[in-house]
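One structure is given below, encoded as structure tokens.
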Amino acid sequence: MIVDLRIYTTLPNKLPEFVALYEAKAWPLQLKYLENCLGWYTTVEGALNTVVHMWGYADQGDRERRRTAMAADPAWGEYLAEAGARGLLVKMENRIIKPTGFFSAFQTKK
């Protein structure tokens, strides 16, 4: 398994607007195509105006197939266009991470 860790930073005071837009337009599409959301959070302390979300995939090929299918959906393009037009985001980051051996073993015992 790999995890796509995504970190988005909004302009000050724009976090609620970004979250509302995402929930209305992007969340349904991402659940449809990506399916395995491991968490979706906003920061309370530290770097403010930040959203962190994580998506689990079997491997990089699985991630690429799912994200390619989502990108082909016209509704995804509409969401991206609206988010861009509103100018809510300052920065977007993503990292591909994988569980350590000891954590993977812990998860399977639960």
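Which residues, counting only those in the range 95-110, are open to solvent by less than 80 Å² (accessible area, probe 1.4 Å) and either at pLDDT below 95 or in a helix (DSSP H, G or I) (or both)?
Result: P99, T100, G101, S104, A105.
Considering the range 28-60 alone, what residues qualify as being among the hydrophobic types (A, V, I, L, M, F, W, C), modelled with pLDDT of 95 or more and exposed (fewer than 12 other Cβ atoms within 10 Å of the Cβ)?
L31
Is there any pair linking a residue in the range 21-48 that is among the β-branched types (V, I, T) to one that is at pLDDT 95 or above, with Cβ under 6 Å and at least six apart or on different chains, and which?
That search, which allows pairs on different chains as well, returns T42/V51; T43/T50.
The values are calculated or read from the model by the stated rules, or taken from the named source; none is laboratory data. On a predicted model such as this, the values are computed, not experimentally measured, just so you know. So basically every Cβ, Gly included, is an ideal-geometry build from the backbone, and we count neighbours across all protein chains shown. Heavy atoms of the whole protein, side chains included, go into the accessibility calculation; ligands, DNA and RNA do not. Shrake-Rupley method; radii C 1.70, N 1.55, O 1.52, S 1.80 Å.
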